[in-house]
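Novice: The structure under discussion is supplied below as structure tokens; questions concerning it will follow.
The values are calculated or read from the model by the stated rules, or taken from the named source; none is laboratory data. Model, not experiment: these values are computed from the prediction. Heads up, the Cβs are rebuilt from the backbone with ideal geometry, glycines too, and the neighbour counts pull from every protein chain shown. SASA here: full protein model, heavy atoms, side chains in, ligands and nucleic acids out. Shrake-Rupley method; radii C 1.70, N 1.55, O 1.52, S 1.80 Å.
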Amino acid sequence: MRTADRRIALGLYRTGHTRQLLEGALEHGVTDLDTAFNYDQFASHRTLAAIADDLLPAFTISTKVGYFPDGHDLDPVRLRAAVEQSAEELGRTPDTVLLHNPESSVDGFATACAVLLEMREAGLCENWGLSTWDPRSLLDAGWEIPRPDVAMVRAGLTVSAGILNAVDELVDRARITELWGMAPFAGTADSSIWQSVDTSTFLVSGQQFSALQAGVAAGFAIPEVTRLAVGTSHVEHLAEAVGGSRLEVNTETVTEYRALLRERATVSAGAPSRKDQ
């Protein structure tokens, strides 16, 4: 994938909703916003419209539905109401609406996909898709769904072999052609592990980068995604992430890494349990 095809999205999970941050995002070429019906204590859409209604037309906005004050629910009536409310509160239709962690309510998954397809056809969003932290239970459920326009999955060096393999299968089974990534640092970009792990092997040599930027670059490659949601309340960190999106990844190293993960997962799956030893 060419670096020019990669996009950083400002993720608003646990991120302060401020006009300064949105203005800074635009200044650094970040024109994708990722939020959800339940973010900011179910006030994210209203807050965005209140602080930056004049800026929102400059952003491509993705939001998610599936969580309500009383928990996770893929009931069709509630999903329709949430999509309609999201558009009303934003003052515009979101570009993409995603099912939020459908693995939390597997039994309603297929029906919920059909509902979001209906919402797209009704003009309440331009695209629909899935946002899944761990798709393995979705694959085990046995289902057939309409083809999503996009899927958003965990990305980067913190993702296990099992989840990466499940993402590959989800992409194949659901015929997904647009894959987005999220949480490249698993929510802990300041963790000391990013200073102790040598991530330079994943990049083409001769480039200058920080540990955060190397993690962002790996996030675009493991698995290969076109957009990566990064959560931060600091414009300087967002700008650093943009720099990471422009780094060239060593594709051979990534291929070897994925192969090693698959091999390790296979060995672990075939290992005898303690009670059998």
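Novice: Would you mind computing, in nm to one decimal, how far apart the modelled labels at GLU236 and THR255 are, each placed 7 Å from Cα along Cα→Cβ?
Specialist: Spacing of the two 7 Å Cα→Cβ label points: 4.0 nm.
Novice: Summing -39500 (n - 2.57) over the DSSP H runs of n ≥ 4 in the chain and dividing by its residue number, what mean residue ellipticity at 222 nm do you reach, to the nearest 500 deg cm²/dmol?
Specialist: So the helix-based figure for the chain works out to -12500 deg cm²/dmol.
Novice: Given labels modelled 7 Å from the Cα in the Cβ direction, how far is it in nm from ARG78 to ARG2?
Specialist: It works out to 4.5 nm between the two label points.
Novice: With both bridge residues required to lie in the chain, what share of the DSSP beta bridges run antiparallel, to the nearest 5%? Numbers along the way, then the final one.
Specialist: Numbers: 4 of 35 bridges.
Bridges in the chain that DSSP calls antiparallel: roughly 10 percent.
Novice: Kindly report the accessible area of the chain per residue (heavy atoms of protein chains, probe 1.4 Å, no ligands, DNA or RNA), in Å².
Specialist: For the chain, the solvent-accessible area averages 47 Å² per residue.
Novice: Provide THR255, THR226 ordered by accessible surface of protein heavy atoms (probe 1.4 Å), highest first. All intermediate terms of the calculation are to be shown ahead of the outcome.
Specialist: Numbers: THR255 90, THR226 35 Å².
In descending accessible area the options line up as THR255, THR226.
Novice: For the pair ILE51 and GLN85, what calculated FRET efficiency results from E = 1/(1 + (r/R0)^6), where r is the Cβ-Cβ distance and R0 = 22 Å, to the nearest 0.05?
Specialist: Given R0 = 22 Å and the Cβ-Cβ separation, E is 0.75.
Novice: Ignoring any ligand, DNA or RNA, what whole percent of the accessible area of the range 1-48 comes from carbon and sulfur when the probe is 1.4 angstrom?
Specialist: 43 percent
Novice: Might you report the magnitude of the Cβ-based charge dipole of the chain about its Cα centre, with Lys and Arg at +1 and Asp and Glu at -1, to the nearest 20 debye?
Specialist: 460 debye
Novice: Mind giving me the nanometre distance, one decimal, between the label points for SER205 and SER160, set 7 Å out from Cα along Cα→Cβ?
Specialist: My value for the distance between the label points is 3.6 nm.
Novice: Oh, and also: Pull out a ≥ b ≥ c, the square roots of the eigenvalues of the alpha-carbon gyration tensor of the chain, then state rounded if a/c is under 1.5, prolate if not and a/b is larger than b/c, and oblate in the remaining case.
Specialist: Taking the square roots of the gyration eigenvalues as a ≥ b ≥ c, the chain is oblate.
Novice: Would you grab the residues whose amide H sits under 5 Å from the one on THR199? Only those 5+ places off in sequence or on another chain, please, with H modelled 1.01 Å from N.
Specialist: Amide H neighbours of THR199, under 5 Å, 5+ apart: none.
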